[in-house]
Amino acid sequence: MRQNSPYHLFRFTFPAALDLSIVIVSFNTRQILLECLKSLYTHTTGISFEIFVIDNSSIDGSAQAVAKHFPNVKIIQNSNNCGFSSAQNQGIVESRGEYVVLLNSDTLLIENCFLKIVSYLNKRQEFSICSPQILDENNCTGTMRLWEDSPRDAVLKILGKYNMEKEARKMRKIEHTEVEAIGGSCFVVRRKLFEMIGLLDENYFLYNEEDDFCRRARQVGQKVCYYPEASIRHLQGKSTHLPAFREKVIVESYKSNLYFYAKHYSTAWNLLFRILYRLTFFAAVMRSLWNRVLCKKSGSADDSISLHLKLLFMNPLIPTPQKHFRRR
């Protein structure tokens, strides 16, 4: 994790000249990425836009395939995997859109959703962050967290007891567009917000960056909205569940969670979270050992004894969070 994140005094490299800049971080999702780009060019009309693909050192030829099939896409190819937030910042810095879309590579446009969103935000200047409705592979509304995690929520998630159906029920009751947070699969941000509060916190290698950014925006009086009149499809987890990289995903997620908790919760809650993590890692080791006795070894990283032992005894160095953010 990086010690210094580009929070304040941020200025774009280029002036705004387009309606929209779409930033996609890719890591070994070649075919899905190509389908995502095809859907963007098929369904995005009526607005000016540019697309950045930030390739985080993929080994499946993603960057080369994009250059071949979509020559207008601006490609930034990293020599190593610098993490999700850092890669997104690379695209944001170079962007020229009045709005910046942080889009997952495993998403597909199924309608001209960005024209809808741009038109809506142009009329609703009070909103600086927006998400469309996210549909799953069966065209059902996907569950998205639209409110901040409470300490109790964090405890339940660490223990694996958090009920996702609870979120689905709460989403169905939403009557107003303003929310506390949105998910990161399609994250639309007004350009001026980056100049107010800075870029994404690069101490998050994976996960939590969108929740953190929403909290920072709300700290300076900016509003977040959920706009279900526009929809995209999200295939979910196509890069984070690759078997060859699953262990790194789990480790980096744990580090990001610890950093997020240190940044947004009290010392007492952080102590409790760390204790609960240790207990869950110990329980996972015992469960995996029992599975071996019963000859139920799955072979996945999620059932790895060595990984859970590593997590159990890991004492990661967590950067000191910046609690306050200055305006320009």
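The values are calculated or read from the model by the stated rules, or taken from the named source; none is laboratory data. Everything numeric here is computed off the predicted structure, so don't read it as measured data. Note: ideal-geometry Cβ built from the backbone for every residue, glycine included; neighbour counts use all protein chains shown.
List of remarks:
- Flag if ARG218 is surrounded by fewer than 18 Cβ atoms within 10 Å (Cβ to Cβ) and at pLDDT 95 or above: yes
Per-residue answers, yes or no, for (1) among the basic types (Lys, Arg); (2) over 19 Å from the mean Cα position of the chain (by Cα); (3) modelled with pLDDT under 95:
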position	(1), (2), (3)
ARG191	yes, no, no
GLU202	no, no, yes
ILE250	no, no, yes
LEU272	no, yes, no
ALA283	no, yes, yes
MET286	no, yes, yes
TRP290	no, yes, yes
SER298	no, yes, yes
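- The residues of segment 84-126 that are surrounded by fewer than 18 Cβ atoms within 10 Å (Cβ to Cβ) and touching a Lys or Arg at 6+ places or on another chain (Cβ under 8 Å), listed by number, are GLU94, ILE110, GLU126.
- Residues that are buried (at least 17 other Cβ atoms within 10 Å of the Cβ), part of a helix (DSSP H, G or I) and at negative phi are absent from segment 73-83 altogether.
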